[in-house]
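Engineer: Following this message is one structure expressed as structure tokens.
The values are calculated or read from the model by the stated rules, or taken from the named source; none is laboratory data. These numbers were taken from a predicted model, which means no experiment stands behind them. Cβ atoms come from the backbone with ideal geometry, glycine included; neighbour counts cover every protein chain shown. Accessible surface is based on the protein model in full, side chains and every heavy atom, while ligands, DNA and RNA are left aside. Shrake-Rupley method; radii C 1.70, N 1.55, O 1.52, S 1.80 Å.
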Amino acid sequence: MSGFQNIQPDPSMIGRLAQPPYALLPDPAALFRLRAERFARLAQSGDLAPYLTLLGQLCAIQSALAAELPAVDPLPAAQVERARENAMPPIDRAALLRDPLLRETVTRFLDAAAAIPMPAPAAAALDALRHAAPAELDGALADVLSDAVPFEALPQYLFLAAAVQIHAARLAATLEAGGLVRIGHGVCPACGGPPVASLVVAHQGAEGARYAACSCCGTHWNEVRITCLACGSTKGIGYRSPEEDDTVKAEVCDSCRSWVKILYQNRNAALEAVADDVASLGLDLLMRETEYSRAGFDPFLLGY
């Protein structure tokens, strides 16, 4: 199971050049399960092993809750159509704060996470969230939903972002992939979230195509190769990578001086956007010494 819906090509296109599907919607339980498994595999060695292990355990909780929580109601057809007509994401992240199922998701995720062994600072941050007043929790969730990250709240942000990912992925899964439209470079067509990275895939019918991976709802959407995900420029695009790894690179843009990771899943099918973004922290450290600023967004890498 791939963790995504609708990745098989139209049989009528066999023998002809098929256009890769624009959007791949998440299968939430499978997406988080595969992410958890990838984190666990990556945690078998290296200095990041304790952190990768923790993230893998959190992703396992995400997978379980994605399957156990009450079903989400599909978005109203009028809202989806209005978003399509105005080239807007159908999932309004700002409005999610009023969704009672998001609050239930957050509560159940935080309670389940409390059973995981973790460093004392993380445990204290989690405990503070579990006992936070409703208004305080709403303020923190509003920051997560707007990708605003107060530095002093980074540990709490990680837990809340993981809970929001569950709800956002479940909402995205109710959409029709064929009804999503391009909003802009580097913007998720389902929820408007920023990309964590992009992947060159080997899916049947999309071999060699490039997909950006949403850091919030998990939707993947097709982007033209050799194009900056931050500004859309096709000029001055280059690639940096450690000599020992040609499957994870920094795609740099000389137009806006930013960079986003690109993962070559067609060379290593095990690569997963979020897990391998965290595991390739060494590339981030190398890029800190350059004039380029990171444009990829990953709630699990904030503060590094």
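Engineer: So which helices of the chain fit the span-like rule, where a helix is a whole DSSP H run, its Cα atoms reach 24 Å or more along the axis, and its mean Kyte-Doolittle is at least 0.0?
Structural biologist: Helices meeting the span and hydropathy rule in the chain are 49-68, 154-172.
Engineer: What's the magnitude of the charge dipole for the chain around its Cα centre, counting Lys and Arg as +1 and Asp and Glu as -1 at the beta-carbon? Answer in Debye, nearest 20.
Structural biologist: With only Lys, Arg, Asp and Glu charged at Cβ, the dipole is about 500 debye.
Engineer: Let me ask you something else. Binning at 5 angstrom from zero up to the longest distance, how are the C-alpha pair distances of segment 177-256 distributed in percent?
Structural biologist: All Cα pairs considered, the percentages come to 3, 16, 22, 25, 21, 9, 3, 1, 0.
Engineer: Which net charge results for the neighbourhood of residue 193, defined as the other residues with beta-carbon distances under 15 angstrom from its beta-carbon, given Lys and Arg at +1 and Asp and Glu at -1?
Structural biologist: Local net charge: -3.
Engineer: I've got another one for you. Just how large is the dipole of segment 27-186 about the Cα centre, in debye to the nearest 20, putting +1 at every Lys and Arg Cβ and -1 at every Asp and Glu Cβ?
Structural biologist: 360 debye
Engineer: Additional query: Rounded to the nearest 0.05, what FRET efficiency do residue 114 and residue 174 have when you use their Cβ-Cβ distance and R0 = 30 Å?
Structural biologist: Efficiency at R0 = 30 Å is approximately 0.55.
Engineer: How much accessible surface area, in Å² rounded to 10, belongs to the heavy atoms of residue 185 with a 1.4 Å probe?
Structural biologist: Surface accessible to solvent at residue 185 totals approximately 90 Å².
Engineer: Ok, one more. Calculate, for residue 244 and residue 67, the FRET efficiency according to 1/(1 + (r/R0)^6) with r their C-beta to C-beta distance and R0 35 Å; round to the nearest 0.05.
Structural biologist: Efficiency computed from Cβ-Cβ geometry: 0.40.
Engineer: So, counting K/R as plus one and D/E as minus one, what does the shell of residues with Cβ under 9 Å around residue 250 add up to?
Structural biologist: Summing Lys and Arg as +1 and Asp and Glu as -1 gives +2.
Engineer: What is the distance in Å between the Cα centres of segment 186-264 and segment 43-79?
Structural biologist: 22 Å
Engineer: Excluding residue 154 itself, calculate the net charge of residues whose Cβ lies under 14 Å from the Cβ of residue 154, where each Lys or Arg counts +1 and each Asp or Glu counts -1.
Structural biologist: -4
Engineer: Quick one: dipole size for segment 220-304, taken about the Cα centre, charges +1 on Lys/Arg Cβ and -1 on Asp/Glu Cβ, in debye to the nearest 20.
Structural biologist: Numbers: 9 positive and 14 negative charges, 65 e Å.
In debye, rounded to 20, segment 220-304 gives about 320.
Engineer: Mind giving me the FRET efficiency for residue 123 and residue 204? R0 is 35 Å, r the Cβ-Cβ distance, nearest 0.05 is fine.
Structural biologist: Rounded to the nearest 0.05, the efficiency is 0.20.
Engineer: Got a number for the accessible area of residue 22? Probe 1.4 Å, square angstrom, nearest 10.
Structural biologist: Around 50 Å² of this residue is reachable by solvent.
Engineer: Could you put 80, 200 in order of accessible surface area, largest first, with the 1.4 Å probe and the full protein assembly present?
Structural biologist: Details: 80 45, 200 0 Å².
These residues rank, largest area first, as 80, 200.
Engineer: Using only the alpha-carbon atoms, what does the chain span along each of its principal axes? Please give whole angstrom values in decreasing order.
Structural biologist: 56, 48, 34
Engineer: On to the next question. Can you find, among 64, 76, 165, the residue sitting farthest towards the positive end of the charge dipole of the chain, where Lys and Arg contribute +1 and Asp and Glu -1 at Cβ?
Structural biologist: 76
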